[in-house]
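*Asks:* If you scroll down you'll find the structure; I have some questions about it.
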Amino acid sequence: MPRRNSAPQERYEAIELLLLWEGRVSRSRLLDLFTIHETLASRDIAGYRLLYPHACEAESSSKSYVCTPDFQPTLTQGVFSEYQRLVGAAGALTEISIGIPFESAQFDATTIRPLTFSRLHQAMRSGLCVKMTYRSMSTPQPHERLIRPHSLIQAGPRWHLRAFCEKSGEFRDFNLGRISSASLADDAD
């Protein structure tokens, strides 16, 4: 996605959306999205942290800031379409900046939980496994699955996660609206 010029308020909103939907924000992630100097990206994160001190905390191992468990959006509505617009997924897919494989056929009708999405996003970017609670059409009662997420797909009105499923031993598509919880798991061999 071509980086864009922005006002400080827009960058604060971007910080909030990244914390909500990706679970973290870093100077390099802001530089991916905006045409700003590294110093300004650092100042924006510091300014956001001054205004909202309980929103995120430093994670020195990744040189980023991760959202706290009690984080709530205040500058944005916290809806997935805001995140889509930020990373370019609401427009031409050739300009997307999500950092993971992504396909879309537009129109959106799946309810996506921010915490679940941020964990799946982190797993895809880091190549980690996820333990999730899922309700499928064939097994409507909640059950656990160990998966290795690969990409997000918007097919018609629904969002899906393509992942290798340890239980079935093959790639499967999982409806994001049917995932009730997700946590990073130890690497499965």
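*Asks:* Of (1) of a type in the set (Asp, Glu); (2) modelled with pLDDT of 95 or more; (3) within 17 Å of the chain's Cα centre (by Cα), Glu57 satisfies all except one. Which?
*Replies:* (3)
*Asks:* Just to check your reading of the model, which residue among Ala163, Ala89 is at pLDDT 90 or above and not assigned by TED's automatic domain parsing to the domain that holds Leu31?
*Replies:* Ala163
*Asks:* Then there is this: Considering Gly23, Gly47, which residue is modelled with pLDDT of 95 or more and of a type in the set (Gly, Ala, Ser)?
*Replies:* Just a single option satisfies the conditions, and that option is Gly47.
*Asks:* I would also like to ask the following. Hey, could you check segment 137-154 for residues that are at pLDDT below 90 and surrounded by 14 or more Cβ atoms within 10 Å (Cβ to Cβ) and say which is nearest to the chain's Cα centre (by Cα)?
*Replies:* Ranking the qualifying residues of segment 137-154, first place goes to Leu152.
*Asks:* For segment 23-43, which positions are without any contact (Cβ under 8 Å) to a residue 60 or more places away in the chain, surrounded by fewer than 17 Cβ atoms within 10 Å (Cβ to Cβ) and under 19 Å from the mean Cα position of the chain (by Cα)?
*Replies:* Matches in segment 23-43: Ser28, Leu31.
*Asks:* Looking at (1) more than 22 Å from Ser183 (Cβ to Cβ); (2) in contact (Cβ under 8 Å) with a residue 40 or more places away in the chain; (3) of a type in the set (Phe, Trp, Tyr), which one does Tyr65 not meet, given that it meets all the others?
*Replies:* (1) is the only condition that Tyr65 fails.
*Asks:* Another question about this same structure. Out of Ala58, Ala46, report the one residue that is surrounded by fewer than 19 Cβ atoms within 10 Å (Cβ to Cβ) and in a strand (DSSP E or B).
*Replies:* Exactly one residue qualifies, and that residue is Ala58.
*Asks:* Return a yes/no flag: does segment 94-102 have any residue that is modelled with pLDDT under 90, among the acidic types (Asp, Glu) and assigned to a strand (DSSP E or B).
*Replies:* In the first step, residues of segment 94-102 are kept if they are modelled with pLDDT under 90; the result is 94-102.
Remaining after also requiring among the acidic types (Asp, Glu): 95.
After this cut, where a residue has to be assigned to a strand (DSSP E or B) as well, the list is none.
No, segment 94-102 has no match at all.
*Asks:* Can you tell which of Ala123, Ala163 is surrounded by 20 or more Cβ atoms within 10 Å (Cβ to Cβ), outside any strand (DSSP E or B) and either touching a Leu at 6+ places or on another chain (Cβ under 6 Å) or among the hydrophobic types (A, V, I, L, M, F, W, C) (or both)?
*Replies:* Ala123
*Asks:* For residues that are touching a residue at least 12 places away in the same chain (Cβ under 8 Å) and touching a strand residue (DSSP E or B) at 6+ places or on another chain (Cβ under 9 Å), tally how many sit in segment 45-62.
*Replies:* 7
The values are calculated or read from the model by the stated rules, or taken from the named source; none is laboratory data. Model, not experiment: these values are computed from the prediction. Methodologically, a virtual Cβ is constructed for each residue, glycine included, from the backbone with ideal geometry; neighbour enumeration extends over all protein chains shown.
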